[in-house]
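Notes follow the structure.
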Amino acid sequence: MKRELTKGRFPIEKFSGVTTPFYYYDTTLLRNTLRTINEECKSYDNFNVHYAVKANANPKVLSIISQAGLGADCVSGGEIRASLKSGFPANKIVFAGVGKSDWEINLALDADIFCFNVESVPELEVINELAAAKNTVARVCLRINPNVGAHTHANITTGLAENKFGIAMEDMLPTIERIKEMKHIEFLGLHFHIGSQILDMGDFEALCNRINELQDLLEKHQVKVSNINVGGGLGVSYDHPNRQPIPNFHDYFKTYASHLRLRPGQELHFELGRAVVAQMGSLITKVLYVKQGTYKQFVIVDAGMTDLIRPALYQAYHKIENLSSNEPAATYDVVGPICESSDVFAKAVDLNTAHRGDLIALRSAGAYGEIMASQYNCRPLPKGYITEDFI
Ligand code: LLP
């Protein structure tokens, strides 16, 4: 049987001793992506990019991203700790989330992070109180729910009035009024996030238009806004994991530069997660069995929904490649070992003929992969390796 271990950019010959399933992170691609982001931003001196740590908090990945100079967008005390440990400076850390616990707020105050993205008046009151107890002042942006839809999966749309996120637009001015009475809160500006895996620049344009309206309104009321944070959401091509540039940062930043009417001196912040890390990651798994069912052939692999939950949770597509076989393609359902019928990575996909022991790559799995893994069925968590681990 002919087995050529030559596919893609994977050091497959070095994978043989590694326990599967595991995540492999191509750091050359990650560094290229970070370089592209920095180059695209260079022409706009008031653009600040924060990496949304929720997408992938592998310490080695975080260190590479912090070295590239990005800030960190965190949604928990754990993420703030991980970011500080990986070298992100506190003055580049922003902290969002609808349910910040007291210990998390205290941690952020002690670290003196750049800004809290605040999602409700009760949260503001608690931050004010905790900051008072420490005799300090918390810098905040108000997360406004812009009621702008995004053409993406319903589970990852966040900017509609029906979602739990942010403060309603009509409550924006009254909330800013309340802040004036809070001695331990400094108002920096506004924060938004409309959803994830957005490929239509028109959605970001709609957000820009909404922010322009809100800024006009604030100006009428003499409210000074020094910072605007537009969140993240830029999508990637799951069909073409190797296509460069990945993804189109040029059009993304240009959309904001051309449609958002920034006032002099204003700083613009982005919180990109998926776009930074999705394409550099693959879940590497081994074929356990090739099973002929009544109607179809199954490739049963040793990774399951516990390792990569996106297909089960969002019906997400990840390109699948057989790294070990060059034999003609056959059609398979690729499934995991978990006791759930939703533990399916793909139905009716064409793969080079599979055999027990073949290595399979689930591509574009660098974002919301390893970090969303669970121990359901008492399974061990998958490990993450970077290119340098195999040199
Ligand atoms: N900022 C905020 C406030 C967010 O809620 C998110 C993502 C981001 C930034 C980063 O968004 P990105 O640039 O990665 O689209 N687990 C889902 C995605 C959930 C995204 C949640 N919020 C998935 O696997 O598709």
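Some values worked out for this structure:
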read-out	value
Leu262 being surrounded by 16 or more Cβ atoms within 10 Å (Cβ to Cβ) and assigned to a strand (DSSP E or B)	no
Any pair with Cβ under 6 angstrom, 6 or more apart, that starts in region 102-123 at a residue that is of a type in the set (D, E, K, R) and ends at one that is not in a strand (DSSP E or B)	Glu104/Gly77; Asp112/Ala90; Glu119/Val98; Glu119/Gly166
Those residues of region 297-322 which are crowded, with 21+ Cβ neighbours inside 10 Å and part of a loop (DSSP other than H, G, I, E, B), in sequence order	Ala303, Gly304, Met305, Thr306, Asp307, Leu308, His318
From the options Lys291, Lys254, Lys286, residue that is in the same structural domain as Glu170 (by TED's automatic domain parsing), basic (Lys, Arg) and either assigned to a loop (DSSP other than H, G, I, E, B) or more than 30 Å from Lys180 (Cα to Cα) (or both)	Lys254
Residue that is farthest from the chain's Cα centre (by Cα) [pool: residues in region 348-383 that are within 16 Å of the ligand (Cβ to nearest atom) and among the small types (Gly, Ala, Ser)]	Ser374
Residue list for region 114-149, filter: in contact with a Phe, Trp or Tyr (Cβ under 6 Å, 6 or more places away or on another chain) and part of a loop (DSSP other than H, G, I, E, B)	Pro146
Output for region 314-333, where each listed residue is under 23 Å from Pro11 (Cβ atoms) and away from the ligand (no atom under 16 Å from the Cβ)	Ile320, Glu321, Asn322, Leu323, Ser324, Ser325, Asn326, Glu327
Qualifying residue in region 214-224 (condition: within 15 Å of the ligand (Cβ to nearest atom) and at pLDDT 95 or above)	no
Residue match in region 249-262 (condition: within 30 Å of Ala348 (Cα to Cα), out of contact with any helix residue (DSSP H, G or I) (no Cβ under 7 Å at 6 or more places or on another chain) and of a type in the set (S, T, N, Q))	no
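The values are calculated or read from the model by the stated rules, or taken from the named source; none is laboratory data. Predicted model only: the values in this text are computed from it and were never measured. All Cβ positions, glycine included, derive from the backbone under ideal geometry; neighbour counts span all protein chains shown.
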